[in-house]
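The structure under discussion appears below in the form of structure tokens.
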Amino acid sequence: MVPGKVGIRPQAARDSTLPGVTTGEAVPPQLGRARGSGMKKRLLAVALHMALVGADANFTNYNLHGTGFREHDPIARPFLKNTPALMAYFSASAGLQLYLPHVLRKHHHHKLAAIADASGYAASGYGAVTSMLWGRK
């Protein structure tokens with residue numbers, strides 16, 4: 001290796017389509033974000049989503065045992081008979097809200113995955129806030 005150069009790879013340089021790179025020259029290092037930074041952001045987003053779903057489930061369960069509570073989500077209404085059914089509903093809902101964007105990203109539909117993520121955050125956040133405000137009445 002030549003001091004100050006990243007590395008000499010004659011075959012890679014010859015096959016490269018980079019302008020100005022010929023046989024025997026140093027190939028420039030890969031530019032871009034550090035490996036793993038996208039995973040950290042994704043894990044943080046999943047943790048935030050799970051916190052929102054947990055808050056929604058907690059406040060809904062708290063209100064379930066009070067009088068006069070009415071669930072606004074028509075899909076959740078059949079599961080309001082008891083706490084285990086309600087927790088099964090929220091677990092399945094959270095799993096689906098995490099699985100759908102994963103499948104969309106896997107098939108390179110990144111914009112649709114971002115929309116699915118945002119709608120999941122919005123639905124869980126809205127549910128948590130409305131259930132919390134209902135319990136304060």
Practice task
State yes or no: is TYR89 within 30 Å of GLY38 (Cα to Cα) and touching a Pro at 6+ places or on another chain (Cβ under 9 Å)?
Solution key: yes
Completion exercise
Scanning the range 45-73 residue by residue, those closer than 17 Å to LEU96 by Cα and either in a loop (DSSP other than H, G, I, E, B) or not hydrophobic (A, V, I, L, M, F, W, C) (or both) turn out to be HIS49, GLY54, ASP56, ASP73
Handout entry: Cross-chain or 6+ apart pairs with Cβ under 7 Å, the range 89-107 first and over 18 Å from ALA122 (Cβ atoms), then of a type outside the set (Asp, Glu) and assigned to a helix (DSSP H, G or I)
Key = TYR89/PHE79; ARG105/ALA113
Practice task
Of all residues in the range 99-137, count the ones that are closer than 15 Å to VAL53 by Cβ, surrounded by 18 or more Cβ atoms within 10 Å (Cβ to Cβ) and of a type in the set (A, V, I, L, M).
Solution key: 2
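Every read-out reported here was derived from the displayed coordinates using simple, explicitly stated rules and does not represent laboratory data. Quantities reported herein were computed from a predicted structural model and do not represent experimental measurements. Positions of Cβ are backbone-derived with ideal geometry, glycine not excepted, and every protein chain shown enters the neighbour counts.
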